[in-house]
Amino acid sequence: MNYNKVIAKNVINMPPSGIRKFFDVASTRKDCISLGIGEPDFVTPWNIRERAIYAIERGETHYTSNWGSPKLRLQIAAYLQLRTGVSYAEKEILVTTGASEALDLAFRSLLNGGEEILIPAPSYVSYMPNTILAGGVPVPLQVVEENKFKITRDLLKAAITKNTKAIVIPYPNNPTGAIMTKEDLLDIADVIKENDLIVIADEIYSELTYGRKHFSIVSIPGMRERTILINGFSKAFAMTGWRLGYVAGPVEILSAMCKIHQYTMLCASTISQAAGYEAIKYEMENDFPQVTEMLIQYDRRRKFIYNSFNEMGLKCFEAEGAFYVFPNITSTGLSSEEFCSRLLFEKNVACVPGDAFGEAGEGYIRCSYASSIENIEEALNRIREFLQEI
Ligand code: PLP
């Protein structure tokens, strides 16, 4: 059978994730140190795991409402109120299978064929394929190191056409570690309003900022009504495997998203929802002790990796959020792909080539510091040796 005729063209044409490619090779190599993976090295805190065990023991094994458990949604609303100052009602929160599902639902519920989505580049790998699968047209906004990888007013204005429907605002950013401050967001907010754009704010790294607190675009007057605010439990609470996320926004948009969710996912895992409730409640009641402890450790690693790359001559932008650094490797004369392949096969260190995050990432590599300091130290020694040899 000719399966090329069987499988949908837009899936055939879709490149596989450049992150997974390197991760899969790295996982088969003995003594390989991976700075490639974007997930916390911490295990989910015990109180959260215990709550899940308890949920199973109590037989909390049925579907919840499509929207998610009311208890969890109210707790998420309280958390968002605390962090953004914006009130969301229970009916304005939908619990999803990770932020990933929330992103997919956002694109599918907004897009009619040919409508454009502005996506900062480099950015997280899923926005572009999600847009294409939903029938939309991804339009990259080339953010640059000179502007600290932020979206600027001029960049935005130049990219808007009569077909532009929405913009993805993914800060703190994967892969650059860039953030957008209140002032940065205020600078683009009126352009967004004037052009009646919807914002898809992916704030999955909102708890992981260094030196200053995250500022959400929904906190700007007039933005709440046009923002689909996406967040989740994977990064802040070290809960990647639990597959739990959520979206907050105007009830009209959320109802459209929930229509798709009810036919495709039905509801997020009931056990994960019980655990997620415990995660937020405990942290809120105790002034975020476990999140803070993880943040302190990430920050130590961040400073170490940032200084080390600069010392070894790979100019490195100072990340202010998430858990990635994005050193510039153009001085080596290698492409990102060549650099990462050779580093993997010659020194057994896995990083992700910058172009996995779009063409704009060429000339950079992404290194995650969600790895023990010993691992990071050894990986940096090997990279130093690699640089001396090439
Ligand atoms: N958004 C960004 C920017 C990410 O980096 C990731 C995962 O790496 C996700 C969303 C997916 O998160 P989740 O595990 O909640 O699906």
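The values are calculated or read from the model by the stated rules, or taken from the named source; none is laboratory data. Source: prediction; values computed, not measured. Neighbour counts are summed over all protein chains in view; Cβ atoms, including those assigned to glycine, are modelled from backbone coordinates with ideal geometry.
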Discussion item. Just to check your reading of the model, which residue among 140, 129, 120 is in contact with a strand residue (DSSP E or B) (Cβ under 9 Å, 6 or more places away or on another chain) and within 12 Å of the ligand (Cβ to nearest atom)?
Written reply: 120
Response to the item:
Expected output for the stretch 100-111 (first residue more than 10 Å from the ligand (Cβ to nearest atom), partner among the basic types (Lys, Arg), Cβ below 8 Å, 6+ apart or cross-chain) is 109/259; 110/165; 111/165
Worksheet item: Among the residues of the stretch 205-245, which ones are charged (D, E, K, R) and either within 11 Å of the ligand (Cβ to nearest atom) or farther than 19 Å from residue 186 by Cβ (or both)?
Response: 207, 235, 243
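I need the full set of residues from the stretch 1-48 which are assigned to a helix (DSSP H, G or I) and among the basic types (Lys, Arg), in order please. Full working, then the answer.
Of the residues in the stretch 1-48, the ones assigned to a helix (DSSP H, G or I) are 3-6, 9-12, 18-27, 46-48.
Answer for the stretch 1-48, where residues must be assigned to a helix (DSSP H, G or I) and among the basic types (Lys, Arg): 5, 9, 20, 21.
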Worksheet item: Identify, please: which residue in the stretch 57-77 is buried (at least 16 other Cβ atoms within 10 Å of the Cβ) and among the β-branched types (Val, Ile, Thr) and is, among those, farthest from residue 266 (Cα to Cα)?
Response: 76
Worksheet item: Mind checking whether some residue in the stretch 169-182 is touching a residue at least 12 places away in the same chain (Cβ under 8 Å), within 24 Å of residue 354 (Cα to Cα) and not in a loop (DSSP other than H, G, I, E, B)?
Response: yes
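Would you check if residue 248 is under 18 Å from residue 97 (Cα atoms), modelled with pLDDT of 95 or more and within 11 Å of the ligand (Cβ to nearest atom)? Reasoning before the result, please.
Values: under 18 Å from residue 97 (Cα atoms): yes; modelled with pLDDT of 95 or more: yes; within 11 Å of the ligand (Cβ to nearest atom): no.
Criteria not met by residue 248.
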Worksheet entry | Residues being within 23 Å of the chain's Cα centre (by Cα), among the hydroxyl-bearing types (Ser, Thr, Tyr) and at pLDDT below 95 - total across the stretch 322-378 | 2
Response to the item:
Exactly one of 204, 220, 198 is under 18 Å from residue 117 (Cα atoms) and modelled with pLDDT of 95 or more, and that residue is 198
